[in-house]
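Quick notes on the structure that follows.
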Amino acid sequence: MTGNYLSSPRGLKSWLITVDHKRIGVMYLFSVLFAFLLGGIFAMLIRIELLKPGHNIMSADTYNRVFTLHGAIMIFLFIIPSIPASLGNFVLPLMLGAKDVAFPRLNLASYYIYVAGALFAIAAMVTGAVDTGWTFYTPYSTTTNGSVGLMTFAVFVLGFSSIFTGINFIATIHKLRAPGMGWFRMPLFAWGIYATAIIQVLATPVIGITLLLIIMERVFSVGIFNPQLGGDPILFQHFFWFYSHPAVYIMILPGMAIISEVIPCFSRKTIFGYKAIAYSSIAIAGVSFLVWGHHMFVSGQSQLANAIFSFLTFLVAIPSGVKVFNWIATMYRGSISLEAPMLYAISFLLLFAIGGLTGLFLGALATDVHLHDTYFVVAHFHFVMMGGTVMAFLSGLHYWWPKMFGRMYSEKWARVSAALIFVGFNVTFLSQFVLGSRGMPRRYYSYLDQFQPLHVFSTVGSWLLGLGFLIMAVYLWASLRRPMDAPANPWGATGLEWQTTSPPPEHNFENAPSVTRGPYDYSSPEPTSAEVEA
Amino acid sequence: MSTAATPHGEFLQHHFTTAEQQADAGKIGMWLFLVTEVLLFGGLFVGFAIMQSLHREAFVAAHHQLDRVLGFINTVVLLTSSYTMVMAVHSARTDRRKRVVVYLLLTLICAGVFLGIKYVEYSHKFHEGLLPGRYYSHKGDSVPGQFMFFSFYFMMTGLHGVHILGGMAVILWVLRRAVRGDFSHAYYTPVDLVGLYWHLVDLIWIYLFPLLYLIK
């Protein structure tokens, strides 16, 4: 047997100049995990500061910088690249039976652009930081001191990395599917990644030009967003959310894509409503471009526009609901086993349902006036992004970890950590729904005494969460020190990625695979390795 | 069709099975990239439209400062370069290797002329104090607020100019490969893709010219 992709070719240089999608995926994985750690540390600091009103461990100015960095790092350095660039890069070509993505060098370029963007972001952090919030609203962002210019430039650069990943995946899915894999024989993961890539390509350039305009405004006072010069600051919000609302679907769609893989596998059943799930991904991508105005219900947008955006926002619930019901129908009468990936998938279902439904509260005009810019929004956002995307990311990470590194992790500790994260998450953020509905504004450094018990509750939850992630870091790291003993297909799953060795050889498959059946055929016996090689 | 047997199998990357598959993937990638370019400029066009509707008089007054004749000459230059680019692609496809080199060179020269004329225009504007934003110092304006027009003029033509420079760089790259004799009817994707990009850069100018030079 030839060596696997991790060991051949050897040497640091072979990794730095690799064009292998698997290695690039692994490099992305460790990079986004590092970003997640950094953003997580900022999150813990925020929660500690909020233990009691007034000054605890940092000044108000520092607090503004810390929550901005938490948001900017989590959004631009972690969650946007998280699933597509790490797991997607690794798994997508394997699932399609391809040897690589369509443009391997562009893929490597995307990684280095990501690294460059991350370096700019770190440079911005240490040279005065940013206190605008991750949304960079004008006119504050064009007038405040600090490194707003450097940070927006970092995000501009990161955008190219995202665009290149998107272009690569669309071309890969169109042109590199194995013989016999028609569009409706693709795993739903590929559909989700495809829908994500469409948004990455269509939305990201708009944030690019918007951020350039902020830089221009800061350097030249061009006037477009400055009301004193005849510009319009609300125009910035339109530009910003024209990207950033679709961007939350860049974040959630790949999560949904993972859930569509994990649930049938651990329910031992064919997915229910394959085409409905596939089309609903595309529908979400489409609708995502038409709802940005719901961020501006109280910004002085016209009532007519508000009503239209509110209606369109409700439309998102339909394809999302289609997915959730199909996943539950898949589990119905399935033979469910609760290994770590499935635990996270079920967490996703529960938390995403809460996150999604509270989104409807915010999409409704009357309630949004009350809830806008409160902790209710913070809680909703974290339920969808952390309860949704991060849970799905962890599900996928545990699902494909044996494939990526050829080693099993401790199932026992994985379950402990999953339980801690689930409980810790709910303690942290359910309390914030209550805080928000009682009027606690977001981004405030201090608060009224009556809010303290719930803030303490939330902070204790963040410690449980932190402990859960600490345990995960330990057992995943420990697994890497074990001998490579993972079987090719530890979960008895059907995707093509499970038909090659764990970890896969350098060019993915010993023999080019061809596809003769549907993607979730759990009813017939597993294909034997002899059948694969035939 | 097995491309390994053709003389140009050397350009087939390992993860593709056929040359057509590789060429199609390249085209999909380039078209998607062009879409991102349209959206990038789209932001500026939308911003221009909104600011122009808010400050119509100032924009109309300001655009009289631009030199229509130079703008028109540049439009002709770029259209010509689009023609030479198409001919370069066509020559590559029909195995006329020397012509590929000639047409690419002509395209490059047109791009250079365009930038040269742009340089003349820019230095004239600098001299008059017709600069973006806070650096605007033109004297004797009858309508206030003309700086905003020049903010957009410089951002839009500047971004376009950067794209021209990028285009010249990639044209130089395919020119070098054309001189080396890489291209034939079996393999001319790079010329094709650079051509697509160049047409988009021209197309954006086709919109910029009337928008900035000919508004009413």
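Would you call A:THR204 surrounded by 24 or more Cβ atoms within 10 Å (Cβ to Cβ), at the interface with chain B (Cβ under 10 Å from one of its Cβ atoms) and among the hydroxyl-bearing types (Ser, Thr, Tyr)?
Considered against the rule, which asks whether it is surrounded by 24 or more Cβ atoms within 10 Å (Cβ to Cβ), at the interface with chain B (Cβ under 10 Å from one of its Cβ atoms) and among the hydroxyl-bearing types (Ser, Thr, Tyr), A:THR204 comes out as yes.
Being at pLDDT 95 or above and under 17 Å from A:LEU448 (Cα atoms) is true for just one of A:LEU77, A:LEU45, A:LEU50. Which residue is that?
On the way: A:LEU77 fails: under 17 Å from A:LEU448 (Cα atoms); A:LEU45 fails: under 17 Å from A:LEU448 (Cα atoms).
Within the list A:LEU77, A:LEU45, A:LEU50, the selection yields A:LEU50.
With respect to B:THR75, determine if the residue is within 15 Å of the chain's Cα centre (by Cα), of a type in the set (S, T, N, Q) and within 30 Å of B:TYR187 (Cβ to Cβ).
Criteria not met by B:THR75.
Would you check if A:HIS294 is in contact (Cβ under 8 Å) with a residue 12 or more places away in the chain, more than 14 Å from chain B (Cβ to nearest Cβ) and at negative phi? It would help to see each step written out before you state the result.
On the way: in contact (Cβ under 8 Å) with a residue 12 or more places away in the chain: yes; more than 14 Å from chain B (Cβ to nearest Cβ): yes; at negative phi: yes.
The answer is yes for A:HIS294.
Residue pairs, Cβ under 8 Å, 6 or more apart or interchain, first in region B:147-170 and away from chain A (no Cβ under 11 Å), second part of a helix (DSSP H, G or I) and of a type in the set (Lys, Arg). List them.
B:THR157/B:LYS118; B:GLY161/B:LYS118
Keeping to region B:138-162, report how many residues are in contact with a helix residue (DSSP H, G or I) (Cβ under 6 Å, 6 or more places away or on another chain), of a type in the set (S, T, N, Q) and part of a loop (DSSP other than H, G, I, E, B).
1
What single numbered condition from (1) among the small types (Gly, Ala, Ser); (2) more than 24 Å from A:TRP401 (Cα to Cα); (3) surrounded by 14 or more Cβ atoms within 10 Å (Cβ to Cβ) fails to hold for A:ALA488?
Only one criterion in (1) among the small types (Gly, Ala, Ser); (2) more than 24 Å from A:TRP401 (Cα to Cα); (3) surrounded by 14 or more Cβ atoms within 10 Å (Cβ to Cβ) is unmet by A:ALA488, namely (2).
Out of all the residues in region B:124-136, which are within 13 Å of another protein chain (Cβ to nearest Cβ) and of a type in the set (Gly, Ala, Ser)?
Correct list: B:GLY133 only.
For every residue, the table says whether it meets (1) of a type in the set (Phe, Trp, Tyr); (2) crowded, with 24+ Cβ neighbours inside 10 Å; (3) without any contact (Cβ under 8 Å) to a residue 24 or more places away in the chain; (4) within 14 Å of another protein chain (Cβ to nearest Cβ).
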{"residue": "A:LEU87", "(1), (2), (3), (4)": "no, yes, no, no"}
{"residue": "A:LYS99", "(1), (2), (3), (4)": "no, no, no, yes"}
{"residue": "A:ALA102", "(1), (2), (3), (4)": "no, yes, no, yes"}
{"residue": "A:TYR114", "(1), (2), (3), (4)": "yes, yes, no, no"}
{"residue": "A:GLY117", "(1), (2), (3), (4)": "no, no, no, no"}
{"residue": "A:THR143", "(1), (2), (3), (4)": "no, no, yes, yes"}
{"residue": "A:LEU150", "(1), (2), (3), (4)": "no, no, no, no"}
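Closer than 30 Å to B:PHE11 by Cα, modelled with pLDDT under 95 and not β-branched (Val, Ile, Thr): does that describe B:TYR187?
Working: closer than 30 Å to B:PHE11 by Cα: yes; modelled with pLDDT under 95: yes; not β-branched (Val, Ile, Thr): yes.
Spelling it out, B:TYR187 is indeed closer than 30 Å to B:PHE11 by Cα, modelled with pLDDT under 95 and not β-branched (Val, Ile, Thr).
Among the residues of region A:161-178, write down those that are part of a loop (DSSP other than H, G, I, E, B) and either without any contact (Cβ under 8 Å) to a residue 60 or more places away in the chain or at the interface with chain B (Cβ under 9 Å from one of its Cβ atoms) (or both).
A:LEU176, the sole residue that qualifies.
Filter region B:39-97 down to the residues that are surrounded by fewer than 18 Cβ atoms within 10 Å (Cβ to Cβ) and among the polar types (S, T, N, Q) and list them by number.
B:SER53, B:GLN65, B:THR80, B:THR94
Check whether at least one residue in region A:22-34 is assigned to a loop (DSSP other than H, G, I, E, B), over 16 Å from A:LEU108 (Cα atoms) and at pLDDT 95 or above, and report yes or no.
No: zero hits.
Can B:GLU20 be described as among the acidic types (Asp, Glu), more than 30 Å from A:PHE160 (Cα to Cα), out of contact with any Asp or Glu (no Cβ under 9 Å at 6 or more places or on another chain) and modelled with pLDDT under 95?
Taking the combined requirement at face value, the residue does not satisfy it.
Of everything in region A:208-257 that's among the small types (Gly, Ala, Ser) and within 12 Å of chain B (Cβ to nearest Cβ), which residue is surrounded by the fewest Cβ atoms within 10 Å (Cβ to Cβ)? It would help to see each step written out before you state the result.
In the first step, residues of region A:208-257 are kept if they are among the small types (Gly, Ala, Ser); the result is A:208, A:221, A:223, A:230-231, A:244, A:247, A:255, A:257.
Narrowing the set further to residues that are within 12 Å of chain B (Cβ to nearest Cβ) leaves A:208, A:221, A:223, A:230-231.
Working: A:GLY208: 23, A:SER221: 20, A:GLY223: 26, A:GLY230: 16, A:GLY231: 27.
So, considering only residues that are among the small types (Gly, Ala, Ser) and within 12 Å of chain B (Cβ to nearest Cβ), the one surrounded by the fewest Cβ atoms within 10 Å (Cβ to Cβ) is A:GLY230.
For region B:12-35, how many residues meet the condition of being of a type in the set (Ser, Thr, Tyr) and touching a helix residue (DSSP H, G or I) at 6+ places or on another chain (Cβ under 8 Å)?
1
Which one of the conditions (1) surrounded by 16 or more Cβ atoms within 10 Å (Cβ to Cβ); (2) closer than 30 Å to B:GLN22 by Cα; (3) not β-branched (Val, Ile, Thr) does B:GLU121 fail to meet, given that it meets all the rest?
The single condition B:GLU121 does not satisfy is (2).
Would a scan of region A:32-46 turn up a residue that is touching a residue at least 60 places away in the same chain (Cβ under 8 Å) and either within 14 Å of chain B (Cβ to nearest Cβ) or more than 15 Å from the chain's Cα centre (by Cα) (or both)?
Yes, region A:32-46 contains a residue that is touching a residue at least 60 places away in the same chain (Cβ under 8 Å) and either within 14 Å of chain B (Cβ to nearest Cβ) or more than 15 Å from the chain's Cα centre (by Cα) (or both).
The values are calculated or read from the model by the stated rules, or taken from the named source; none is laboratory data. Computed from a predicted model, the values in this text were never measured in an experiment. Heads up, the Cβs are rebuilt from the backbone with ideal geometry, glycines too, and the neighbour counts pull from every protein chain shown.
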